[in-house]
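Every read-out reported here was derived from the displayed coordinates using simple, explicitly stated rules and does not represent laboratory data. Model, not experiment: these values are computed from the prediction. In this analysis, Cβ positions are derived from the backbone assuming ideal geometry, glycine residues included, and neighbour counts consider all displayed protein chains.
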């Protein structure tokens, strides 16, 4: 549970930046080399590499070096923790709606 | 577009903390006073209020004061921007899968 919470912290931090979301969107179209990616984002290479590192250390992308080229690959499974968290919230809301509905259709529920 | 991106930054930052996610989950069960909420989270009131402020300034909750009691209400609509963003990513992945499928079933596609 603590591990899941720490994972969520990291994933949400990684997603809280337009460059990092841009990289995720770009990698959704397929694996891409760091060099090619960097050309699409207007910043210095060291700044861009910090974003790549944040994405990789939080498990949202993998990178692998072959010769002189480092390729980035999206890890879609890690984004699923966001889906799971949203689904948990929806479940809480639905339980509340069900409870309110029972109160309306059976007011005695309130006094039980 | 820039506004949507800034909204996403704020929402993801607000979600990148276990206390703030805990408040969102708790408010999913219904509106709650700040005092009652604060008792459920083991920290000083000023620290807790900072989290409430982050949630409110990023539009995830509303608060309203009536007499001496400030009540917090979840703003579910703001969480929908996360759903929308995830849906955009999924669309990109599906387009890629469609493209790969076309390449497999019609290899000449590649040379067009």
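Shown for residue A:66: label points 7 Å from Cα along the beta-carbon vector, and their distances to the equivalent points in the other copies, 6.4 nm in ascending order.
Relative to the longest principal Cα axis of chain A, at what angle does helix A:18-27 sit, 0 to 90 degrees, rounded to 10? Relative to chain A, helix A:18-27 is tipped by roughly 80 degrees.
For residue A:106, the label point sits 7 Å beyond Cα toward Cβ; its separations from the matching points on the remaining copies run 5.8 nm, from shortest to longest. Mean partner shielding of peptide A:94-101, defined as the number of other chain Cβ atoms within 10 Å of each residue Cβ, is 1.
Legend: calculated FRET efficiency, residue B:50 to residue B:7, from the Cβ-Cβ distance at R0 = 30 Å, rounded to 0.05, equals 0.90.
Full extension of the chain between residue A:75 and residue A:25 gives 16.8 nm of extra length, using 0.36 nm per residue less the Cα-Cα distance.
Averaged over the residues of A:82-92, the number of partner chain Cβ atoms lying within 10 Å of the residue Cβ comes to 4. The ranking of A:84, B:83, A:9 by Cβ neighbour count inside 10 Å, starting from the fewest, reads A:84, B:83, A:9. Model label sites at residue A:40 and residue B:105, defined 7 Å from Cα along the beta-carbon direction, differ in position by 2.6 nm.
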